[in-house]
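Take a look at the structure set out below.
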Amino acid sequence: MKNEKISKNCDVFIYNELKEYTTNIFLIEKKSKIFLIDTFCGSESMIPIKKILADKYNSKEVIVINTHFHWDHVWGNSSFKKNIIISHKLCREILNEHWEEQFKKNENYILGSVEKSLPNLTFKGSINFPDEGIEIFYSPGHTVDSISIFDYDEKILYVGDNLEKPIIYVEHKDIDTYIQTLNAYLGYKFTKIMAGHTLNLTEKDIYETIKYLNDLKNGNKFEFESKYMRKIHQQNYRFIHK
């Protein structure tokens with residue numbers, strides 16, 4: 001894991017433990033609160049973050065955000081049992097139903113220990129922290145429960161797995177809603193876009209993803225630069241058209 005500064009008030013923790021991609025956990029310092037976006041793969045992965053929180057931010061409330069239900073974004077939740085953990089209502093419901101199933105399928109990736117720890121504050125449309133300049137809003141796309149975060153002070157948009165380079169994973173069949181979410185992103189006056197597995201995305205990446213989704217929906221032919229991209233596209237195509 002390495003730690004980088006991406007803005008005055010935000011650090012990213014970059015994990016390389018998963019085979020095909022890196023995973024980013026974001027820590028945003030605001031006036032009276034710290035927002036931690038996602039918790040990766042278990043208690044061990046959260047040890048360095050817990051140490052930073054204790055050493056540097058002991059006086060501020062820590063709020064955890066789960067961008068969606070996938071295991072590589074929530075398995076560190078048990079390290080924050082006493083904290084508020086925010087997610088969409090659907091995220092909690094899906095996690096509650098499928099926690100054990102995800103655990104059994106992916107237990108080789110556990111770092112430290114994993115205990116079932118569900119979000120304890122959920123919402124449907126959006127939840128705002130106006131004094132902190134933070135908006136958390138429903139943004140279905142990659143999954144049906146996906147949410148995003150906008151930092152109005154830093155002008156940074158955090159999109160979970162709704163954007164990813166070199167290619168997105170599609171795990172929700174409603175492509176039209178996914179495109180609506182991406183178009184809604186364009187209404188935010190962002191200077192940076194950060195995602196769960198890709199840093200420093202741009203408006204161009206939004207438009208390219210919209211085009212990919214339209215072509216995917218319509219069954220258009222593609223040419224890809226790598227075997228990995230072809231593999232993920234084939235998974236996406238089978239999922240959408242089965």
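The values are calculated or read from the model by the stated rules, or taken from the named source; none is laboratory data. This one's a predicted model, so the numbers in the text were calculated from it and none came from an experiment. With ideal geometry, Cβ positions are generated from the backbone for all residues, glycine too; neighbour counts draw on all protein chains shown.
Okay, here's what the table says:
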| item | result |
| --- | --- |
| Elements of type strands (runs of 3 or more DSSP E) contained in the stretch 1-88, each with 2 or more residues being without any contact (Cβ under 8 Å) to a residue 12 or more places away in the chain, under 19 Å from the mean Cα position of the chain (by Cα) and surrounded by fewer than 22 Cβ atoms within 10 Å (Cβ to Cβ) | 2-7 |
| Any hit, the stretch 99-116, residues being free of Cβ contacts under 8 Å to residues at least 24 places away in the same chain, within 18 Å of the chain's Cα centre (by Cα) and assigned to a helix (DSSP H, G or I) | yes |
| Pairs, first under 12 Å from ASN162 (Cβ atoms) in the stretch 177-205, second surrounded by 14 or more Cβ atoms within 10 Å (Cβ to Cβ) and of a type in the set (Phe, Trp, Tyr), C-beta under 6 Å, six or more apart | MET194/TYR158; HIS197/TYR21 |
| Filter result for the condition that a residue is under 20 Å from GLU115 (Cβ atoms) and touching a Phe, Trp or Tyr at 6+ places or on another chain (Cβ under 9 Å), over ILE34, ILE86 | ILE86 |
| Single residue of LYS231, LYS204 found to be within 26 Å of ILE37 (Cα to Cα), at pLDDT 95 or above and part of a helix (DSSP H, G or I) | LYS204 |
| Residue in the stretch 175-195 that is among the acidic types (Asp, Glu) and within 26 Å of ILE25 (Cα to Cα) present | no |
| Extreme residue, nearest to the chain's Cα centre (by Cα), among residues of the stretch 139-166 that are hydrophobic (A, V, I, L, M, F, W, C) and within 14 Å of ILE65 (Cβ to Cβ) | VAL159 |
| Residue among THR122, THR143 that alone is assigned to a loop (DSSP other than H, G, I, E, B), touching a His at 6+ places or on another chain (Cβ under 8 Å) and among the polar types (S, T, N, Q) | THR143 |
| Residue check for LEU163: at negative phi, assigned to a loop (DSSP other than H, G, I, E, B), surrounded by 17 or more Cβ atoms within 10 Å (Cβ to Cβ) and among the hydrophobic types (A, V, I, L, M, F, W, C) | yes |
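Residue-by-condition table, conditions (1) out of contact with any Leu (no Cβ under 9 Å at 6 or more places or on another chain); (2) modelled with pLDDT under 95:
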{"residue": "MET46", "(1), (2)": "no, no"}
{"residue": "ILE49", "(1), (2)": "no, no"}
{"residue": "ASP55", "(1), (2)": "yes, yes"}
{"residue": "PHE80", "(1), (2)": "no, no"}
{"residue": "ILE85", "(1), (2)": "no, no"}
{"residue": "ARG92", "(1), (2)": "no, no"}
{"residue": "LYS116", "(1), (2)": "no, no"}
{"residue": "GLY125", "(1), (2)": "yes, no"}
{"residue": "ASP145", "(1), (2)": "no, no"}
